[in-house]
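Input: a single structure, listed below in structure tokens.
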Amino acid sequence: MPTALITGITGQDGSYLAEFLLEKGYDVVGVVRRTSHHSYERIDHLIDKVRIVAADLLDQHSLTVVMKDVQPDEVYNLAAQSFVPTSFTQPVLTGEFTALGVTRILEALRLACPTARFYQASSSEMFGKVVETPQDENTPFYPRSPYGVAKLYGHWITVNYRESYGLYAVSGILFNHESPRRGMEFVTRKVTDGVARIAHGNATELRLGNLEARRDWGFAGDYVDAMWRMLQQPTPEDVVVGTGETHSVGDLVRVAFEHVGLDWEKYVVVDPAFYRPAEVDLLLADPTKARTTLGWAPKVSFEGLVKLMVDADMARVAPR
């Protein structure tokens, strides 16, 4: 039975990846920080099926000990400070987790289990102020947030360890991927939660920022399959993962409100307070390599994803 170690197992992607790997017969070990409060709601249904160990991306020794004890076959680094607006207010902390944290886990792997295969969660936010559309593995990076800059460091340090030490280490450059497990602070979940509250009479408006920003949105449950496929290849290569379709925040809003039979224009207020200091206007993947090399394609459409999220939030906020 192969063993997989997942940092960020309590997050959206970590929970879907844990489910996916358990179905494939893996022994799944999740790394969590030792804190006074644990948020396990995304993996509550898995807690008896996975092993939880304590370590911290800010602490080199704890990571090395975990690698030495677990001796994983595969390591998925999904932990990060992952909310872009927070990276503007906490840029140093974002760098510690999202940039240097990658170095610490790679160093732990190099010292304790150098034959393990390593997956780094890179991000389309590294493309930022895009220099070409669509974006593929050869598109130059131009990050527009401390988060994007930190992810870029994590991306290149992964390349560096692969080339310097011969590790099987890859980065998946994933475009936006969402689900009913997405955090409330992200715009997709903010919209679907807002729609559900308005539909149930618990709210009268939804305040949003730039409705013109465009993203390539897919379903997180599809994207963890691509992560796994990247570690099954004969040689380690970085891959862009996305749908190849772009939609605006306005499209997201329209689909969500229409799904519950409401006119979005009666409820949405554009609030400049929610604009980013430096906006990323258009992200669109060219997922050719993911299709041809990995044999991967998304199963859930944009409209299907939005409706899935609205339905989940409608059920969650419905009167008991």
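I need the full set of residues from segment 228-252 which are closer than 20 Å to L283 by Cα and assigned to a helix (DSSP H, G or I), in order please.
Residues of segment 228-252 that are closer than 20 Å to L283 by Cα, as a first pass: 238-252.
Answer for segment 228-252, where residues must be closer than 20 Å to L283 by Cα and assigned to a helix (DSSP H, G or I): V249, G250, D251, L252.
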What helices (runs of 4 or more DSSP H), lying completely within segment 82-164, carry at least 2 residues that are within 21 Å of F274 (Cβ to Cβ)?
-> 84-89, 91-95
Number of positions in segment 241-250 that are over 21 Å from the mean Cα position of the chain (by Cα) and closer than 26 Å to A226 by Cα | 0
Which ones in segment 183-208 are within 21 Å of the chain's Cα centre (by Cα) and either more than 21 Å from D311 (Cβ to Cβ) or assigned to a loop (DSSP other than H, G, I, E, B) (or both)?
-> G183, M184, E185, F186
Quick one: in segment 115-139, of everything that is closer than 27 Å to E245 by Cβ and polar (S, T, N, Q), which residue is most open to solvent (accessible area, probe 1.4 Å)?
-> N138
Residue check, V269 open to solvent by less than 60 Å² (accessible area, probe 1.4 Å) and part of a helix (DSSP H, G or I) = no
Which of the following residues is buried (at least 20 other Cβ atoms within 10 Å of the Cβ), under 20 Å from the mean Cα position of the chain (by Cα) and part of a helix (DSSP H, G or I): I6, I43?
-> I43
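Considering V84, V92, V102, which residue is more than 17 Å from V170 (Cα to Cα), of a type in the set (A, V, I, L, M) and open to solvent by less than 20 Å² (accessible area, probe 1.4 Å)? Even if it seems obvious, please write down each step before you answer.
Numbers: V92 fails: open to solvent by less than 20 Å² (accessible area, probe 1.4 Å); V102 fails: more than 17 Å from V170 (Cα to Cα).
On inspection, the qualifying residue turns out to be V84.
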Conditions (1) over 25 Å from T188 (Cβ atoms); (2) in contact (Cβ under 8 Å) with a residue 24 or more places away in the chain -> P85 fails only (1)
Restricting the search to segment 169-182, which residues are open to solvent by 20 Å² or more (accessible area, probe 1.4 Å) and either free of Cβ contacts under 8 Å to residues at least 12 places away in the same chain or part of a strand (DSSP E or B) (or both)?
-> H177
Collect the residues in segment 298-312 that are touching a helix residue (DSSP H, G or I) at 6+ places or on another chain (Cβ under 7 Å) and buried (at least 23 other Cβ atoms within 10 Å of the Cβ), keeping them in residue-number order.
-> P298, V306, M309, V310
Sole miss for Y142 among (1) closer than 17 Å to G8 by Cα; (2) open to solvent by 30 Å² or more (accessible area, probe 1.4 Å); (3) not β-branched (V, I, T) is condition (1)
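Condition check ((1) of a type in the set (A, V, I, L, M, F, W, C); (2) modelled with pLDDT under 95) across all residues:
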| site | (1), (2) |
| --- | --- |
| H259 | no, no |
| V269 | yes, yes |
| R276 | no, yes |
| K289 | no, no |
| T293 | no, no |
| M309 | yes, no |
| A318 | yes, yes |
Scanning segment 288-308 for residues that are in a loop (DSSP other than H, G, I, E, B) and in contact with a Phe, Trp or Tyr (Cβ under 8 Å, 6 or more places away or on another chain) gives P298, K299, V300
For the subset of segment 199-244 comprising residues that are touching a helix residue (DSSP H, G or I) at 6+ places or on another chain (Cβ under 8 Å), among the hydroxyl-bearing types (S, T, Y) and open to solvent by 10 Å² or more (accessible area, probe 1.4 Å), which member is nearest to P2 (Cα to Cα)?
-> T243
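The values are calculated or read from the model by the stated rules, or taken from the named source; none is laboratory data. Everything numeric in this text was worked out from a predicted model, so none of it was measured. Cβ atoms come from the backbone with ideal geometry, glycine included; neighbour counts cover every protein chain shown. The accessibility values were calculated without ligands, DNA or RNA, using every heavy atom of the protein model including side chains. Shrake-Rupley method; radii C 1.70, N 1.55, O 1.52, S 1.80 Å.
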